[in-house]
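**Student:** First the structure, then my questions, so here it is.
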Amino acid sequence: MMRLDYFYNTEGENFRFYQIPALLLEEEEYRGISDTAKILYGVLLSRLALSRKNSWIEKDTGRLYITYNLKQLVEKLGRSDRTISKAMKQLSEVGLIEKKKRGQGKPDIIYVMNFTAVHKEGAKETVPEEQMEQNLPEDKMQENKREETIAETSITGKEDQRGDSRSEEITILEKRHAREFYRKKIRHQLEYEILMQRHKTDKNIIDAMIEIMANVYISDRDTYKISGEEIPVNEVQNRIKTLNVQHIEYIIECLNRNTREIRKPDNYLLASLYNAPLTIGLYYKAQVQHDFKMENTVV
């Protein structure tokens, strides 16, 4: 057996990853699909980045699509034709992908469905639109109509004069749903209720950190500049996934001790979140050594 080396310092963040949404492992409706299907969805999801770069977008709908033939997927995942076909069928059955055949030997077009839009509150309830509108207050109805107009404009490309291809890929409404989805996930990850019990006076700071983290997850950027270094967005996302309540409490403690002016709070908080897993141990070790030294001095 080949003897592999350990990971040192930040080396574990230097690799490319396929990201599998947590809900595929946690939500009951996805428990029936195979692990291969879940991994396959992560592979297909990563392919969307290439679609954005190549402008593989339907002109009439604004939908992103990808192309993959069976042979490519078999080689990439190291599974048999039958296993990959079965996994694709499972993904189709639960609504995570849609396929469109093109014929003439061309690979199928695959639509990777937006899992964040499916899993928003109330999405599983089938209530007639007329009944929904009757139950809404007037101001909410107007807001919904404005959102529908914005989304329709973005999808149909009626504002091509903007010249920004990225704005045609993800509508404002979809981003709003995605941001709220990640807010909830992050609050759960950071044990938000515990943080509020312990740090009620720091609510604004905690909410600001959650908002920054959610924005990183839905960002269209390729990199973030942190402490003077350009960090790939996927590395920032992977680091954020490791944060917990202790890291947030550590950042709050550092902020309360800070006496210098913070000129760019958002950049400062993002850098603090990114560096927290690496610096928290050193910080508390130094604190313990300092307290121990003070106790010996007093004695």
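The values are calculated or read from the model by the stated rules, or taken from the named source; none is laboratory data. Note that the structure is a prediction, hence the values are computed from the model and not measured. So basically every Cβ, Gly included, is an ideal-geometry build from the backbone, and we count neighbours across all protein chains shown.
**Student:** I'd like the residue in region 226-240 that is farther than 16 Å from P21 by Cβ and touching a residue at least 24 places away in the same chain (Cβ under 8 Å) and, out of all such residues, is surrounded by the fewest Cβ atoms within 10 Å (Cβ to Cβ). I'd like the intermediate steps shown before the answer.
**Tutor:** Filtering region 226-240 down to residues farther than 16 Å from P21 by Cβ leaves 226-233, 235-236, 239.
Within this subset, residues satisfying the condition of being touching a residue at least 24 places away in the same chain (Cβ under 8 Å) are 226-227, 231, 235-236, 239.
Values: I226: 18, S227: 10, I231: 17, E235: 20, V236: 21, R239: 21.
Checked region 226-240; the qualifying residue surrounded by the fewest Cβ atoms within 10 Å (Cβ to Cβ) is S227.
**Student:** Does region 28-50 hold any residues that are over 16 Å from the mean Cα position of the chain (by Cα) and either β-branched (V, I, T) or in a helix (DSSP H, G or I) (or both), and which are they?
**Tutor:** Hits for region 28-50 are E28, E29, Y30, I33, D35, T36, A37, K38, I39, L40, L50.
**Student:** Further, regarding this structure: For region 75-85, what are the residues that are under 27 Å from the mean Cα position of the chain (by Cα) and surrounded by 15 or more Cβ atoms within 10 Å (Cβ to Cβ)?
**Tutor:** The answer is L77, I84.
**Student:** Specify the residue that is farthest from the chain's Cα centre (by Cα); the eligible residues are those in region 59-71 that are part of a loop (DSSP other than H, G, I, E, B) and closer than 22 Å to M88 by Cα.
**Tutor:** Among those that are part of a loop (DSSP other than H, G, I, E, B) and closer than 22 Å to M88 by Cα, it is N69.
**Student:** Restricting the first residue to region 256-274 and requiring it to be on the phi < 0 side of the Ramachandran plot, which pairs with a second residue that is in a loop (DSSP other than H, G, I, E, B) meet a Cβ separation below 7 Å and a spacing of at least six or different chains?
**Tutor:** Y268/I262; A271/S227; L273/L243
**Student:** What helices (runs of 4 or more DSSP H) completely inside region 72-149 contain at least 1 residues that are among the polar types (S, T, N, Q) and at pLDDT 50 or above?
**Tutor:** Answer list for region 72-149: 81-93, 115-118.
**Student:** Hey, any hits in region 32-39 for a residue that's at pLDDT below 90 and under 30 Å from T223 (Cα atoms)?
**Tutor:** No, region 32-39 contains no residue that is at pLDDT below 90 and under 30 Å from T223 (Cα atoms).
**Student:** Shifting gears a bit: What pairs can you find where one residue is in region 40-56 and of a type in the set (V, I, T), the other is assigned to a helix (DSSP H, G or I), and their Cβ atoms are less than 8 Å apart, with a gap of 6+ or different chains?
**Tutor:** Close Cβ pairs (under 8 Å, with a partner that is assigned to a helix (DSSP H, G or I)) amount to V43/L73; V43/K76; V43/L77.
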